[in-house]
1. Roughly how many nanometres apart are two label points built 7 Å out from the Cα toward the Cβ at LEU205 and PHE297?
2. Below 18 Å, Cα to Cα, which lysines can LYS144 reach? Residues fewer than 8 away in the same chain don't count.
3. Using the Cβ atoms and a cut-off under 15 Å, what net charge is assigned to the surroundings of LEU271, where Lys and Arg are +1 and Asp and Glu are -1?
4. Tell me the label-point distance for the pair GLU87, VAL142, using the 7 Å Cα-to-Cβ offset, in nm and rounded to one decimal.
5. Under the rule a/c < 1.5 gives rounded, and otherwise a/b versus b/c splits prolate from oblate, where does the stretch 41-176 land using the Cα gyration tensor?
6. With the dipole of the stretch 41-176 worked out from charges on the C-beta (+1 for Lys and Arg, -1 for Asp and Glu) around the Cα centre, which of HIS129, LEU92, ALA157 lies farthest toward the positive end?
7. Within a 10 angstrom radius of the beta carbon, how do TRP301, TRP286, TRP141 rank from fewest other beta carbons to most?
8. Taking the alpha-carbon set of the stretch 91-139, what are its Rg and Dmax in Å?
Amino acid sequence: MTTLWRSLTPPQRRSIVILTVVAAGLYLTMRWLPTGTNLSHMDFRVAEKGAIEFCDPANPQFIPVVAAKSPVTLTLTSDIVPAQRKEIGFTLTLRTASGKPIAPEDLLVTHTRKLHLLVADPTLQDYQHVHPEPGKRAGEWVFKLTPDRPGTYRVFADFTPAATARGLYASADFNVPGEVARVIRTTNVTAQIPGYNFELVMPALFRAGVPTDLKFRIETPGAEKRPVVLQPVMGAFAHLVAFDEARSGFAHLHPNEVDLAKPPDALHPELTFKITIPQPGRYVIWAQVNLDGRETFVPFWLDVLP
């Protein structure tokens, strides 16, 4: 390096020095530019064993939200007592572990929204994906929900703080009075709704701790196939969300096919996903798609082996 520097002419040396100073100045300026948030990286740290780590969205994992300590607290209040098949207004409050409110300017937009709520009843037969809007006070978010079944619903919040640019999670519950129905769950890799057939293709042996490739397919019934009008939903052609039976956590998956200008084959659309589930057990994977302008949710039940 020293020999190379000595071989340069004085004008060349001056040019290198100027470029280096300008680059360093730009870097420092970008670091010090205001992001709109008053929160820092340290507001989202918990110095405890078993705390939730910041998550890389490019490497989807099953997040044990309930068991792990989150650096964010989530509380829910409702305008009336929740009831089955009745629309309920909720106020959700997000705060850091130190009590600072988490407002819209503190979160980044991910998949077209700043805050995603993944809501599931105790039987995992009712899954809803909700996007709250900012409330009247900092840290408050409001949304409406119509629970389809009785029991204790679990609400998982999925968001990305601007201070960290990495995904974080929190959870809270609310109860819908009534007797929880006993549901017999059987494994299934196919599902149907009027006008469409769905299939989730996976390895014959789905093992815990092993990165696994999934294929999600849609087609119309009958020998003569019609085009599937698949439209984007939250910036992707499909989303998959996996829950374990205990609802201890979830995995939110996005397809590898990210270019919306290149939709999948219309007659046989297929999207690929990757997931790692750390523990064996029974899981449900809910697929969410936009079919001809109508959002559709389809469940697949599967067993993950040791």
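Here, each number is a calculation from the coordinates, and none is a lab measurement. What you see is a predicted model, and the numbers here were worked out from it, not measured in a lab. Quick reminder, even Gly has a Cβ in these numbers, built from the backbone with ideal geometry, and neighbours come from all protein chains shown.
1. Result for the modelled spin labels: 3.4 nm.
2. List returned: LYS86, LYS114, LYS136.
3. Values: positive: LYS215, ARG217, LYS262, LYS274; negative: GLU199, ASP213, GLU219, GLU257, ASP259, ASP265, GLU270.
Local charge sum for LEU271: -3.
4. 1.3 nm
5. prolate
6. So the residue we want is LEU92.
7. Working: TRP301 17, TRP286 20, TRP141 24.
So the ranking, lowest neighbour count to highest, is TRP301, TRP286, TRP141.
8. Final numbers for Rg and Dmax: 12.8, 36 Å.
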